[in-house]
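Q: Have a look at this one.
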Amino acid sequence: MTTTLFCCPICAAQLSPVGNSYLCPARHTFDIARQGYVNLLTGRAAQQHGDNKEMIAARRDFLAAGYYDALMRQVSDIACRHATQSCRILDAGCGECSYTDRIARALTEANIPHEILGMDISREALAIGGKKNKSLALAVASLYHIPLESESVDMLFEIFAPHCHEEYRRVLRTGGKLVMVIPAARHLFGLKEALYATPYENEVADTALDGFSLAEQISIRDTITLANETDLWNLFTMTPYFYRTSPQAKEQLRQKAPLTTEIAFEVLVYEKV
Ligand SMILES: [Zn+2]
C-alpha cells in the first residue's frame with residue numbers, strides 16, 4: 001500500500017503512516033494495533049464496542065462454512081465487474097472482514113489493482129479481519145463520521161450495514177458505485193418457522209435512493225440446511241431474533257438441527273449521480 005486515505009478524525013487533515021502510527025501534520029497520533037488496524041474513534045465514541053466477541057466468532061465461522069457462498073460469489077463478481085483501474089473500495093461496517101477478504105482475493109485473482117479499506121465500530125472484529133488479510137487497510141471508525149476525504153472512494157459496500165446516506169454520498173466520487181446487500185422477504189423463513197407460531201416475511205423497503213440511480217439489481221434465492229447444532233446456533237446469533245427469543249425457546253431451537261431454511265438477498269448496485 002503506497003498511500004493512506006484515512007483522515008485525522010480531529011482536524012480532518014490527511015494521515016501518514018510513520019512507524020507503527022498514523023500521524024497528521026498537527027501531530028495527532030493514532031497507533032496501529034498489532035493486528036494491523038488503526039483506532040480512529042475519539043472522545044466518547046472511543047468507548048463504544050459494537051459487536052461482542054462471541055457474535056463476531058459466530059459470524060466468522062458461519063460464513064467460513066460456506067452457507068452464504070452464493071452471496072459471497074455475487075458480491076465479489078460485482079466488485080470485479082465494476083472495478084476501475086486502481087480502484088479504492090470501502091467496506092462500510094466490514095465486521096470481521098469475511099466479505100472484504102473475499103472481494104480482495106477476487107480482485108487480486110482478476111489482476112485488478114485495488115486498495116481496500118474496511119471500517120467498523122468493533123475493535124474485536126477488526127482484530128480478526130486484520131489477521132485474516134494483511135492487505136486490508138482497517139480503521140475503527142464511525143460510519144456517521146467517515147475519516148476519508150470527499151469523493152475519494154470508487155466503490156462502497158454496505159453489506160447488512162447501517163445506511164449512512166449523507167456520508168456514503170460524500171465519500172463516493174460521482175459515478176462511483178454503492179453496493180448494498182439487504183435481506184429479501186423470505187430470508188431465513190425456515191428459521192423463523194422454527195421460532196415462531198406465525199412468522200412474518202421481512203418488509204423490503206423501496207429501492208429508490210436520493211442522489212443515486214439504481215444500475216443493477218440481483219436477487220439471490222437459495223435453500224440451505226444447517227447441518228448441526230453449532231452452525232444453526234452461529235446463524236441464530238447473527239440475527240435480530242436472537243434478542244427477541246426467550247431462553248427456553250433458544251434451547252428448543254438447538255434441538256432442531258439439521259434445519260432447512262430459505263435464504264434470500266437483494267443486491268443493489270447504485271451509481272452516484
Ligand atoms: Zn489532526
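The values are calculated or read from the model by the stated rules, or taken from the named source; none is laboratory data. Because the structure is a prediction, the values reported are computed rather than measured. Neighbour counts are summed over all protein chains in view; Cβ atoms, including those assigned to glycine, are modelled from backbone coordinates with ideal geometry.
Q: Being loosely packed, with under 14 Cβ neighbours inside 10 Å and at pLDDT 90 or above narrows it down to one of 194, 208, so name that one. If you could, list the steps in order and put the result at the bottom.
A: Working: 194 fails: loosely packed, with under 14 Cβ neighbours inside 10 Å.
Being loosely packed, with under 14 Cβ neighbours inside 10 Å and at pLDDT 90 or above holds for just one of 194, 208, which is 208.
Q: Let me ask you something else. Tell me the residue from 244, 221 that is at pLDDT 95 or above and basic (Lys, Arg), please. Reasoning before the result, please.
A: On the way: 244 fails: at pLDDT 95 or above.
Unique residue meeting the criteria: 221.
Q: Specify the residue that is nearest to residue 192 (Cα to Cα); the eligible residues are those in the stretch 208-247 that are of a type in the set (Asp, Glu) and touching a strand residue (DSSP E or B) at 6+ places or on another chain (Cβ under 7 Å). Don't jump to the end; show me each part of the working.
A: Going through the stretch 208-247, the residues of a type in the set (Asp, Glu) turn out to be 210, 216, 222, 229, 231.
In the following step, the residues that additionally are touching a strand residue (DSSP E or B) at 6+ places or on another chain (Cβ under 7 Å) were identified as 216, 222.
On the way: 216: 29, 222: 16 Å.
Checked the stretch 208-247; the qualifying residue nearest to residue 192 (Cα to Cα) is 222.
Q: Next question, about the same structure. Which of the strands (runs of 3 or more DSSP E) found entirely inside the stretch 82-150 contain at least 1 residues meeting this: over 15 Å from the mean Cα position of the chain (by Cα) and farther than 16 Å from residue 56 by Cβ? Before the answer, list the steps.
A: On the way: elements: 87-92, 114-120, 137-140.
Once the strands (runs of 3 or more DSSP E) in the stretch 82-150 are filtered for at least 1 residues that are over 15 Å from the mean Cα position of the chain (by Cα) and farther than 16 Å from residue 56 by Cβ, what remains is 87-92, 114-120.
Q: How many residues, within the stretch 197-238, are part of a helix (DSSP H, G or I) and of a type outside the set (Phe, Trp, Tyr)? Give the steps one after another, and end with the answer.
A: Going residue by residue through the stretch 197-238, those that are part of a helix (DSSP H, G or I) are 229-238.
Remaining after also requiring of a type outside the set (Phe, Trp, Tyr): 229-232, 234-235, 237-238.
Residues meeting the conditions: 8.
Q: Is one or more of the residues making up the stretch 58-79 crowded, with 16+ Cβ neighbours inside 10 Å, within 16 Å of the ligand (Cβ to nearest atom), modelled with pLDDT under 95 and on the phi < 0 side of the Ramachandran plot?
A: The answer is no, given that none of the residues of the stretch 58-79 is crowded, with 16+ Cβ neighbours inside 10 Å, within 16 Å of the ligand (Cβ to nearest atom), modelled with pLDDT under 95 and on the phi < 0 side of the Ramachandran plot.
Q: Could I ask something else about it? Would you please name the residue that is surrounded by the fewest Cβ atoms within 10 Å (Cβ to Cβ), looking only at residues in the stretch 10-28 that are more than 8 Å from the ligand (Cβ to nearest atom) and not hydrophobic (A, V, I, L, M, F, W, C)? Please lay out each step first, then the result.
A: Within the stretch 10-28, the first condition is being more than 8 Å from the ligand (Cβ to nearest atom), and the residues that meet it are 14, 16-23.
If we keep only those that are not hydrophobic (A, V, I, L, M, F, W, C) as well, we get 14, 16-17, 19-22.
On the way: 14: 14, 16: 13, 17: 15, 19: 8, 20: 10, 21: 13, 22: 24.
Across the stretch 10-28, the extreme among qualifying residues is 19.
Q: So how many residues does the stretch 157-172 have that are in contact with a helix residue (DSSP H, G or I) (Cβ under 7 Å, 6 or more places away or on another chain) and among the basic types (Lys, Arg)?
A: Residues in the stretch 157-172 being in contact with a helix residue (DSSP H, G or I) (Cβ under 7 Å, 6 or more places away or on another chain) and among the basic types (Lys, Arg): 0 in total.
Q: Of these, 203, 216, which one is charged (D, E, K, R) and under 22 Å from residue 70 (Cβ atoms)?
A: Working: 203 fails: under 22 Å from residue 70 (Cβ atoms).
Going through 203, 216 in turn, just one is charged (D, E, K, R) and under 22 Å from residue 70 (Cβ atoms): 216.
Q: Return the residues of the stretch 239-251 that are of a type outside the set (A, V, I, L, M) and surrounded by 13 or more Cβ atoms within 10 Å (Cβ to Cβ); say none if nothing qualifies. Step through it out loud before you land on a result.
A: Residues of the stretch 239-251 that are of a type outside the set (A, V, I, L, M), as a first pass: 239-248, 250-251.
Of everything in the stretch 239-251, those that are of a type outside the set (A, V, I, L, M) and surrounded by 13 or more Cβ atoms within 10 Å (Cβ to Cβ) turn out to be 239, 241, 242, 245, 250.
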